1. Given the residues ARG284, ARG236, which is the only one that is over 17 Å from ARG169 (Cβ atoms), touching a residue at least 12 places away in the same chain (Cβ under 8 Å) and more than 16 Å from ligand 2 (Cβ to nearest atom)?
2. Across segment 260-302, which residue is farthest from PRO176 (Cα to Cα) among those that are in contact with a strand residue (DSSP E or B) (Cβ under 6 Å, 6 or more places away or on another chain), near ligand 1 (Cβ under 10 Å from one of its atoms) and part of a loop (DSSP other than H, G, I, E, B)?
3. Give me the pairs: first residue in segment 112-136 and closer than 20 Å to TRP281 by Cβ, second residue more than 8 Å from ligand 1 (Cβ to nearest atom) and in a helix (DSSP H, G or I), beta-carbon distance under 8 Å, and six or more apart or on different chains, which are they?
4. Return yes or no: is MET158 in contact with a His (Cβ under 8 Å, 6 or more places away or on another chain) and among the aliphatic types (A, V, I, L, M)?
5. Filter the strands (runs of 3 or more DSSP E) completely within segment 361-445 down to those with at least 3 residues that are within 21 Å of MET197 (Cα to Cα) and in contact (Cβ under 8 Å) with a residue 24 or more places away in the chain.
Amino acid sequence: MNDQDETAPPRTPTAVRPGESPSRRSFLRKVAGGTAGLAAAPALLSGTSRPALAGPADPANLPPNNPPWTTTAGYGVVEYPYGMPSPYEANVVRRNVDWLTADRIASISFTPLADLSGIITPNGVCFERHHGGCADINPDEHRLMIHGMVDRPLIFTMDELTRFPSVSRIHFLECPANGGMEWKGAQMTRLQYTHGMIHCCEWTGVPLSVLLDECGVKPGAKWILAEGADAAGNHRSIPMDKALDDALVAWGQNGERLRREQGYPIRLFLPGYEGNMSVKWLRRLEVGDKPWHSREETSRYTDLMADGKARKFTFMQEANSVITFPCPEKPIRQGPGLYHVSGLAWSGRGKIRRVDFSADGGNTWTPARLNEPVLSKCLTRFEIPWTWDGKDAFLQCRAIDETGYVQPSLPQLRAVRGTNSIYHKNSIYTWHVLPGGEVENVQIS
Ligand SMILES: Nc1nc2c(c(=O)[nH]1)N[C@H]1C(S)=C(S)[C@@H](COP(=O)(O)O)O[C@H]1N2
Ligand SMILES: [Mo]
């Protein structure tokens with residue numbers, strides 16, 4: 001694997017880093033011990049020690065008994081100056097796939113979608129994609145330069161940038177390689193790996209159009225080159241229309257400053273466009289009249305079609321969707337009966353208009369309910385009641401966006417794209433529910 005590959009040819013499916021360990025029992029004992037046990041909890045969040053799946057409860061702690069935590073004081077304020085999730089949620093973490101990249105410097109981690117509710121991705125579990133490792137930048141020593149075809153080339157400090165009027169918008173960001181390991185067949189064993197190259201945050205920043213106005217774009221300017229301050233630079237050519245439409249130079253992520261992994265202190269954010277173009281650690285914008293044809297838009301981030309020709313500049317993340325319950329990580333544990341199937345849908349072109357659900361591998365479809373809010377270029381949560389009869393079922397969902405675009409089936413996508421591609425695989429997924437309630441990733445051809 002070289003530094004830029006985000007996916008690899010199929011290999012033997014592996015259960016990657018299951019994240020379960022026999023430590024839960026000893027962990028529970030520690031927590032039951034009271035404050036001292038809880039104070040010790042952060043250590044359990046790191047390393048290999050992770051609480052396992054929920055085990056049987058101790059009857060001594062169940063009604064009508066009073067468990068120890070109701071009879072002794074809990075821990076005090078600022079025990080954790082920056083709060084952490086409950087240690088019982090220690091399984092909800094980013095994970096990487098060891099065989100996917102040669103090392104963890106130029107690599108990718110995946111969002112634990114199965115464990116998230118609503119539409120917002122907590123900052124600490126947003127998938128990370130770095131081509132040259134995660135830069136660690138002192139904002140005092142960071143600048144944004146805008147030059148090229150402008151009347152006034154300018155260099156901004158971070159304080160100068162945050163002085164501009166800001167906007168906050170909730171949008172997904174998806175790596176175009178999401179799902180890209182499965183063009184030739186199903187091989188990933190978790191939702192986290194099939195769809196986890198996506199996150200959805202509230203981004204706060206200044207519209208790029210405001211900064212361009214400040215610099216005065218010269219007539220004839222059509223493109224902007226964006227460059228990061230990390231070791232990879234990640235040069236991408238941005239069409240001027242997009243820059244003037246809804247592009248942001250963002251410093252806020254879900255109410256706090258960007259996480260380092262997401263490009264602290266500033267990143268470009270292009271709603272709905274392939275994640276690669278949202279250049280992190282943004283340091284330079286060059287205005288020009290043609291695209292730059294950088295490595296990231298020629299050798300990488302092109303779509304190899306069935307005839308062997310590579311398609312360039314596929315910016316749009318088309319409509320896509322996935323069922324998050326049930327899924328491989330969240331099997332059906334309580335036997336046949338009524339469940340609420342839940343999932344996420346999104347489109348780079350705008351709002352989700354409808355999501356259809358099928359329990360018979362796409363033969364019959366029923367519209368699901370869309371949960372509010374339904375926002376443009378944003379994850380949309382859907383739910384639908386479903387009575388499981390305890391037999392094999394093939395669950396699918398299909399997103400339709402406000403432009404009328406219908407998420408394609410896998411055969412439909414393959415008919416147009418072949419199987420040589422990595423990027424932009426947005427076809428319908430199938431979860432096979434087995435009679436025992438386990439869920440596996442399969443493909444229906
Ligand atoms: N400077 C810089 N920007 C970058 C990258 C990078 O390696 N360096 N990775 C890109 C890729 S391929 C993706 S998918 C997104 C990932 O954003 P995230 O790490 O916030 O999930 O950032 C993009 N911006
Ligand atoms: Mo990416």
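None of the figures in this text is laboratory data; all of them are computed from the coordinates on show. Bear in mind that the values here come from a model prediction, so they are computed numbers and not experimental data. Note: ideal-geometry Cβ built from the backbone for every residue, glycine included; neighbour counts use all protein chains shown.
1. After applying the criteria, what remains is ARG284.
2. Filtering first and then ranking leaves TRP281.
3. Close Cβ pairs (under 8 Å, with a partner that is more than 8 Å from ligand 1 (Cβ to nearest atom) and in a helix (DSSP H, G or I)) amount to CYS134/ARG260; ALA135/ARG260; ASP136/ARG260.
4. For MET158, the condition - in contact with a His (Cβ under 8 Å, 6 or more places away or on another chain) and among the aliphatic types (A, V, I, L, M) - is met.
5. Because the criterion is at least 3 residues that are within 21 Å of MET197 (Cα to Cα) and in contact (Cβ under 8 Å) with a residue 24 or more places away in the chain, the strands (runs of 3 or more DSSP E) in segment 361-445 that meet it are 380-388, 393-401, 439-442.
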